[in-house]
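The values are calculated or read from the model by the stated rules, or taken from the named source; none is laboratory data. Please read these numbers as outputs of a predicted model, since none were measured by experiment. Note that each Cβ is placed from the backbone with ideal geometry, even for glycine, and that neighbours are counted across all protein chains shown. Note: accessible area is taken over every heavy atom of the protein model, side chains too, but ligands, DNA and RNA are not part of it. Shrake-Rupley method; radii C 1.70, N 1.55, O 1.52, S 1.80 Å.
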Amino acid sequence: AFSTRTMLSTMAELAAWLRMHYPGGRFTDRIFTSETQGDYLLWALAPETRLFMYTHVHLFPPEIWQDCQKVKFGHPDWEKILNNRDVKIVLVEAELHPRLRQQLQGAFDRWRILLDETGNPRKSDPRSRLLIAVRKDQPAQ
C-alpha cells in the first residue's frame with residue numbers, strides 16, 4: 001500500500017508504483033480517472049488494469065457514464081459509487097473537479113490524498129494539475 005511517506009509527483013510515478021507493487025497487472029481493483037487521465041494509464045499500465053473511464057465513453061453503458069459524472073462533480077453518492085465499483089485510487093485534474101477534491105478532503109478517515117497540485121505555479125495549465133487519492137484500506141505490500 002501507499003505509505004504515509006509516499007508522495008507522488010507525476011502520473012508516471014503512479015504508473016511505476018503500480019507496476020512495481022502489482023507486477024503483471026495484479027492490481028485488481030479499479031482506478032477512477034477523468035477520461036484523459038484514463039487514456040494515459042490505459043497506455044502506461046498492464047492491459048488488465050481496470051479503469052472506471054477513459055475517452056472512449058461510447059464503449060461504456062450509459063449508467064457508467066452517469067456514475068462517472070456524479071463522482072467527478074462530487075454528488076452525495078460519490079463514495080457509494082466508488083465502493084460499488086471497487087475503486088481504490090482516484091486520479092483527476094484537481095482544479096477541474098473542485099467538489100470531488102472537497103469530498104475527498106472531508107473523507108480523510110477513509111481516503112489519503114497523495115498529491116494535490118491545486119494552484120501549482122509551476123504548471124500553467126490547470127488540466128495538468130493532478131489530484132491523486134487512495135483508499136486507506138489498501139492492503140499492505
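A few comments on the model shown:
- Segment 47-101, residues that are aromatic (Phe, Trp, Tyr) and closer than 18 Å to residue 36 by Cβ: 52, 54, 60, 65, 73
- Among the numbered conditions (1) open to solvent by less than 80 Å² (accessible area, probe 1.4 Å); (2) touching a strand residue (DSSP E or B) at 6+ places or on another chain (Cβ under 9 Å), the only one that residue 77 does not meet is (2).
- Only one entry of 43, 65 meets the criterion of being open to solvent by 40 Å² or more (accessible area, probe 1.4 Å), modelled with pLDDT under 90 and not charged (D, E, K, R), and that entry is 43.
Residue-by-condition table, conditions (1) of a type in the set (Gly, Ala, Ser); (2) in contact with a helix residue (DSSP H, G or I) (Cβ under 6 Å, 6 or more places away or on another chain); (3) open to solvent by 60 Å² or more (accessible area, probe 1.4 Å):
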{"site": "20", "(1), (2), (3)": "no, no, yes"}
{"site": "28", "(1), (2), (3)": "no, no, yes"}
{"site": "36", "(1), (2), (3)": "no, no, yes"}
{"site": "69", "(1), (2), (3)": "no, no, no"}
{"site": "81", "(1), (2), (3)": "no, yes, no"}
{"site": "89", "(1), (2), (3)": "no, no, no"}
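- Filtering 99, 127 for residues that are touching a His at 6+ places or on another chain (Cβ under 9 Å), of a type outside the set (A, V, I, L, M, F, W, C) and part of a helix (DSSP H, G or I) leaves a single hit, 99.
- Restricting 80, 72 to residues that are basic (Lys, Arg) and within 21 Å of residue 14 (Cα to Cα) narrows the list to 72.
- Only one of the numbered conditions (1) open to solvent by 40 Å² or more (accessible area, probe 1.4 Å); (2) hydrophobic (A, V, I, L, M, F, W, C); (3) touching a residue at least 60 places away in the same chain (Cβ under 8 Å); (4) touching an Asp or Glu at 6+ places or on another chain (Cβ under 7 Å) is not met by residue 57, and that is (3).
- Residue check for residue 122: more than 24 Å from residue 77 (Cα to Cα) and open to solvent by 80 Å² or more (accessible area, probe 1.4 Å): yes
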